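Undergrad: My questions will all concern the structure given below.
The values are calculated or read from the model by the stated rules, or taken from the named source; none is laboratory data. Computed from a predicted structure; not experimentally measured. All Cβ positions, glycine included, derive from the backbone under ideal geometry; neighbour counts span all protein chains shown.
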Amino acid sequence: MHRRDFLKTLLASGALYSAGGLPILGSLASAAGFPPLGSRVLVNVMLSGGPDMRHLFPPPFDPNPASYGYLTWKARARAHSIADSASAWQSRWENDYFAVSDGATTFGILKSCAWLKSMWDTGKVAIVCNAVGATSRDHAHCQLVMDQGNLSSGPNDFNRSGWGGRLSSIMQGNVVSLTRAPRRFCYGPHPSDPENHDNQNLVSARNTRQMALYRPSAYERTTTTARAIITRSLESYYAAKKDEMGAASVYRRFVDLHNSAREFGDAISERLVQNPEPWALSMLYKSGLTTPYFGEQIRNLYDSLLCNDILRLRVASLEFPNYWDTHKDQRSIIEPKLTDMFGTGKAFETLFQHLTPEVLDNLVLVIGGEFGRQLKANGSNGTDHGRGNAMIVIGNRVRGGVYGEMFPEAELARLDVPSSDITGRTALDHVFGRVCDWMSPGSGDWVFPGRGSAALEPGVNLNGLLI
Amino acid sequence: MPSFAECPAVRSARALPLAVLAFAMMLIWSGLAIAAPATQLLVSFSSNRSNAMPLDTTTLSGQAYPFVTSTKAILNVRFYLDDPKLQGSPVRTETGAPYDFAGTATNGTAIPFRTTLWPDGTHSISALVTYNDGTNEILTGVFPITNSTASLGFNPASMPRLSNAAWDETAVRKVLHAFAYGGQATDRQVRLWADMAPQTAIMQMLTFNQHNPALSPASSLDYDRLYQREGSLRSLGSFWSSADPDNGVYSGHRTRYDLYTNYGLLDRIWSKAAVSRGLNPFRQKVGLWETNYHLATNMEVVPRRTMLRYYDDILNSADMGTGYQNVLTVASTSAAVAIQYGHRKNVYLNGQCLCNEDFAREYHQLFFGILGQDNPDYHEVTSIKNTALALTDMAVPNDTLYGGLGDYVYFGTAKHYQGAVEVLNTMVGGANAYYKIDQLSQYAINHPESLNNLPVMVVRGLADDNLNADKITRIRAAWASMPTKNLLDFIRAYAISTVFHTPTRVKYLNSIDRHLLIASQMTLTNEEAYLDLYPPESYEIEGVKVFRPVHNVFGGQTGTEAADSADVFRANYNRSTNDISRFRQSSGTANGRQWQKNWAQVVPRNASGNYVVKDVTEWLWKRFIGDGLKHLGLLERAHIYALLAEDLDLPYLVDRNRLDRVFTSTELASDPALANLVQDLSMRLLPLDSADGVERAAANMRVGQAISFIVATPYIFAQEGR
């Protein structure tokens, strides 16, 4: 179905959550300075490198030497940098993990991630197990597939659209990139070429507090200072280029960047001047996190929600790069980063504390990396590349729980087989597609046209993932 | 009127200590030393000395005729070759006009200086002129000799060469922009290359040598004589941190270049090397791509001295030209990679590999482009596992002199897996990791997946973000046809091929490329680099650092990422506007030394000897954009003309009550008043050579202002083929 036809269908059904006179949500968050949300908002966080979610969510230790909870702890002890003894594994489990359960499956949550535990306890965390995208175990390729939401993408299919871009396009809003450079997740669909993309619905906001292009003061603009002269020249020039530069020109995007910066920059600056960043949020990138870059993105996300009407925010793109490819010293590397995201007083808790219930009710976090790790730790206190992994979905409207078999007993037979990993059973299309459906009913099949034929773990039903 | 470069005090600067040079510059800056150059050291390519030009920076080949001319009474001229400090005996003494370097024939014509008798490279001729009044003056010209007519032998059918007709000045500039930050070659050199067959020109343009005198010619103003110094980053860092009297780095900043006893910054050494004259920007460009993209390691993990050696070793290996697989072996067995990936701790003990697979995988994938797609399970379970075995016992000893981890690997045998291992369906043996990896590389370079992917990685990384199936097929076929995979010859062949010079080629500049291009073209002398007038490392304001790639081992910011980033655009725009003084300043004091910009030394005059606004505009556009003026349309011209001719913006110039006026190209062409104005502005003269110091400085400021406009246009962000 073409986007235009799909939009007609949605308009006819009144099902589109979007702007422009369409049915929208009620007045949200206005009490805290938040303008009404024009739609639900997806926050996608890429943990590039292939995070070991089993480190965050391990099975409970079991003293029975033949059990899953014994053998997998034994196989993975090195990744925890603990001794090769049952007492050490037990101690680690008991001291460093919360034991939680959804009634069917018991597992652990790293104690330093106490906010995540509290969200789990209130039923707002879904863990989709055995999720899989590309199976090449190649970072670049698997990230490409995950960002594009396209299982057919090969390693060199760089230019295709991303699923965040497609979703924001169908919702007639924008995907706002809060990262250093926009991920391919943000690339919008090209109107005619499926091998290409179009970024008209992409707003890049690496630093929401500095989005404006330079402009001299009103007085200086009337003078002949060097800055006034050059600024007038360039403003006049770019205004003309806006109409004169062909759409197919490779340089068109730079004219659009100028126009976008002018369009959004001044308005956002004006809005944010009236809304100083909360101290706690500013501390995230000043000293509160081991990775200030992620703290900056959280601040950017807060600002984007404050300016959602200006930005026509539908999708926000974040990343937590470089720390998840834990071939060595996994525990010392991964735990501070998990804590940065999920710890008490850390990124997400601080953000959520500053959002109104109405905003939170219409926000969903989707967090994951391009692949998982191998079942067994390697000789460098780390884990090597695998395929299947868990995805985390968090939000007030999430129906919390474990989706899929979290600890397949069948893994035991493969523990000593070289390179064994978590078997991917549920294609990412199903997880992401269901999120799309929640964002804009019916959009999942358009954003993920291959969903119908994509693998889904027997017994798993993701229709109720979000309510 | 004399140009700044022609002032006597500066012309002899090369032989002067730094303090004397600074004093000379101060005199010039204050206007005291501006005078017609009574005596000049020129070169002609005719024995009758016609069409003479300053010898300084002029490329010589074949027969040339250097000579001294003067309006003053000369007693004698003593000539010295490659002896700028006049420490030896003169090669010739002339006691009467004409003062020819190689002597004068009985018929009055000049005897040729046969440059073929001298090796290609940078040379100098100095003339000690003694006047009748007893005073002396030293004139020095530094120039490249390029007599080599070597022609590129590699000529793959799949990448057809440009015809001689299509190989023109624009083609040359596109190669320089893509591969050498625009290069520093003189306009004359660019024309010389354009007039050669492309397969000859490219041999001179792109080399891995530490110095490329034609691509990066030094002048007599470059008192540091980098062209005579070892050009590795290690040696350059040593020089720039030293108390050598020819070192122009401000004494208070020299510790920035000292990686050994101070907190030196490797990226500063690299960026200074990339923009300094007398070195080789192509070498640094490829060095950056190898160490920050293709074979990336990260100083977040790798010590700076280890990274320094990594960089130098890779380029020295590439310079040897023995095969790209050997370059990859050097990188694969380096301390930097062993530290980055952690396999320096990998050991084989008691029948067990205490190791990880990180580099075992990336050796194949990132370095050679082998993903194991033909048989993923075999690749995973056999090739990667066994490569991990091959990478055992590669300890990086501590640096006993300076502390921390050292810069080399100790290839042990006691903890190394001693057996042969099967990788990529072949058996690889060797007593230690080095031998195994070296053997494996010889095989991996011809693996079908590597043959398919590696050349595409090279081209995509350096020159083309818009590869289509046809281009990829051609690139692969060319690479596969090389019996020995020589990276330099491959790049050369590509750079003069229709695959590079095609309209579909698009290369978006990453922040480093763009800042280095601008800094390289703004910087006219090494003194300007020493004064940090245009610091190339300003790319850091765009969130990018050299040797700290944002994607870690997967490389730094790409051109497409930069092109997608509003923040990058904003930073560039704001630099041209809010920080315009960086471009516009034409004189001042920096690091305790006074300086004055002198665009006249490089901007061409018209036939009447004037600097015409239209000509200057086109010259600047070629220099910074390099598109053969394709995108220098009427709109661009009108704005730049106004800035150059009137030091005002077009809106203000036309109607100061409508400062937000937008001019379309159509109205600029069709509105008679506007068209006449643009025409009038285009013909104005720019007094870059005025005797009036204030007027001259103002003209230089306008040039800087025009540059700030040019580098804020969309065309600075990407390069197209043609």
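Undergrad: Check A:Ser269, A:Ser260, A:Ser236 and return the single one that is touching a Pro at 6+ places or on another chain (Cβ under 7 Å) and either at pLDDT below 95 or under 26 Å from B:Gln585 (Cβ atoms) (or both).
TA: A:Ser236
Undergrad: Let me ask something additional. The conditions are (1) surrounded by 23 or more Cβ atoms within 10 Å (Cβ to Cβ); (2) out of contact with any strand residue (DSSP E or B) (no Cβ under 8 Å at 6 or more places or on another chain); (3) within 28 Å of B:Leu215 (Cα to Cα); (4) within 12 Å of another protein chain (Cβ to nearest Cβ), and B:Gln585 fails exactly one of them. Which is it?
TA: It fails just one condition, (1).
Undergrad: Restricting to region A:415-430, what's the tally of residues that are among the acidic types (Asp, Glu) and away from chain B (no Cβ under 14 Å)?
TA: Of the residues in region A:415-430, 1 are among the acidic types (Asp, Glu) and away from chain B (no Cβ under 14 Å).
Undergrad: Considering each of B:Ala388, B:Ala414, B:Ala336 in turn, give the residue that is in a helix (DSSP H, G or I), touching an Asp or Glu at 6+ places or on another chain (Cβ under 9 Å) and more than 14 Å from chain A (Cβ to nearest Cβ).
TA: Only one candidate passes the filter, namely B:Ala336.
Undergrad: Output the residues belonging to region B:366-377 that are part of a helix (DSSP H, G or I), within 11 Å of chain A (Cβ to nearest Cβ) and either within 17 Å of B:Ile445 (Cβ to Cβ) or touching a residue at least 12 places away in the same chain (Cβ under 8 Å) (or both).
TA: B:Leu366
Undergrad: Can you run down the residue pairs with Cβ atoms below 7 Å, 6 or more apart or on separate chains, where the first is in region B:438-451 and crowded, with 19+ Cβ neighbours inside 10 Å and the partner is charged (D, E, K, R)?
TA: The qualifying pairs are B:Ile445/B:Lys485; B:Leu451/B:Arg476.
Undergrad: Search region B:552-570 for residues being part of a loop (DSSP other than H, G, I, E, B) and under 21 Å from A:Asn300 (Cα atoms), and hand back the single one that is modelled with the lowest pLDDT.
TA: B:Ser565
Undergrad: Anything in region A:33-49 that is closer than 24 Å to A:Asp437 by Cβ and assigned to a loop (DSSP other than H, G, I, E, B)? List them, or say none.
TA: A:Pro36, A:Leu37, A:Gly38, A:Ser39, A:Arg40, A:Leu47 - these are the residues of region A:33-49 that are closer than 24 Å to A:Asp437 by Cβ and assigned to a loop (DSSP other than H, G, I, E, B).
Residue-wise test of (1) part of a loop (DSSP other than H, G, I, E, B); (2) more than 27 Å from A:Leu462 (Cα to Cα); (3) within 14 Å of another protein chain (Cβ to nearest Cβ).
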position: A:Gln90; (1), (2), (3): no, yes, no
position: A:Ala99; (1), (2), (3): no, no, no
position: A:Leu116; (1), (2), (3): no, no, no
position: A:Ala131; (1), (2), (3): no, no, no
position: A:Ala140; (1), (2), (3): no, yes, yes
position: A:Ser161; (1), (2), (3): yes, no, yes
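Undergrad: Further question: Would you pick out the residues in region A:454-467 that are out of contact with any strand residue (DSSP E or B) (no Cβ under 9 Å at 6 or more places or on another chain) and among the polar types (S, T, N, Q)?
TA: If the condition is that a residue be out of contact with any strand residue (DSSP E or B) (no Cβ under 9 Å at 6 or more places or on another chain) and among the polar types (S, T, N, Q), then A:Asn463 is the only one that fits.
Undergrad: Which one is farthest from the chain's Cα centre (by Cα), of the residues in region B:671-715 that are in a helix (DSSP H, G or I), more than 22 Å from B:Pro604 (Cβ to Cβ) and within 13 Å of another protein chain (Cβ to nearest Cβ)?
TA: B:Leu674
Undergrad: Which numbered condition trips up B:Ala480, out of (1) touching a Leu at 6+ places or on another chain (Cβ under 6 Å); (2) surrounded by 22 or more Cβ atoms within 10 Å (Cβ to Cβ)?
TA: Of the numbered conditions (1) touching a Leu at 6+ places or on another chain (Cβ under 6 Å); (2) surrounded by 22 or more Cβ atoms within 10 Å (Cβ to Cβ), the odd one out for B:Ala480 is (2).
Undergrad: Here's a follow-up. Select from region B:344-359 the residues that are part of a helix (DSSP H, G or I) and within 9 Å of chain A (Cβ to nearest Cβ) and write down the one among them that is farthest from B:Val327 (Cα to Cα).
TA: In this case the residue turns out to be B:Lys345.
Undergrad: Out of curiosity, is B:Thr297 buried (at least 21 other Cβ atoms within 10 Å of the Cβ) and either in a helix (DSSP H, G or I) or basic (Lys, Arg) (or both)?
TA: Considered against the rule, which asks whether it is buried (at least 21 other Cβ atoms within 10 Å of the Cβ) and either in a helix (DSSP H, G or I) or basic (Lys, Arg) (or both), B:Thr297 comes out as no.
Undergrad: Can you list the strands (runs of 3 or more DSSP E) lying wholly within region B:81-185 that have 3 or more residues being under 26 Å from B:Asp224 (Cα atoms) and touching a residue at least 24 places away in the same chain (Cβ under 8 Å)?
TA: The strands (runs of 3 or more DSSP E) meeting that bar are B:121-131, B:136-145.
Undergrad: Would you mind finding the one in B:Leu643, B:Leu650, B:Leu668 that is in contact with a His (Cβ under 9 Å, 6 or more places away or on another chain) and within 14 Å of chain A (Cβ to nearest Cβ)?
TA: Residue meeting the stated conditions: B:Leu650.
Undergrad: Of all residues in region B:483-513, count the ones that are under 22 Å from B:Ser163 (Cα atoms) and outside any helix (DSSP H, G or I).
TA: Total satisfying the criteria: 11.
Undergrad: Would it be correct to say that B:Arg637 is at the interface with chain A (Cβ under 10 Å from one of its Cβ atoms) and either of a type in the set (A, V, I, L, M, F, W, C) or at negative phi (or both)?
TA: No; evaluated as a whole, the condition is false for this residue.
Undergrad: Counting only residues that are touching a residue at least 12 places away in the same chain (Cβ under 8 Å), within 7 Å of another protein chain (Cβ to nearest Cβ) and within 25 Å of B:Ala669 (Cα to Cα), how many does region A:242-257 have?
TA: Count: 1.
Undergrad: Which of (1) more than 30 Å from B:Val553 (Cβ to Cβ); (2) at pLDDT 95 or above does A:Arg414 not meet, given it meets every other one?
TA: (1)
Undergrad: Same structure, new question: Say whether the condition of being over 23 Å from B:Ile541 (Cα atoms), more than 7 Å from chain B (Cβ to nearest Cβ) and touching a residue at least 24 places away in the same chain (Cβ under 8 Å) is met by at least one residue in region A:201-209.
TA: yes
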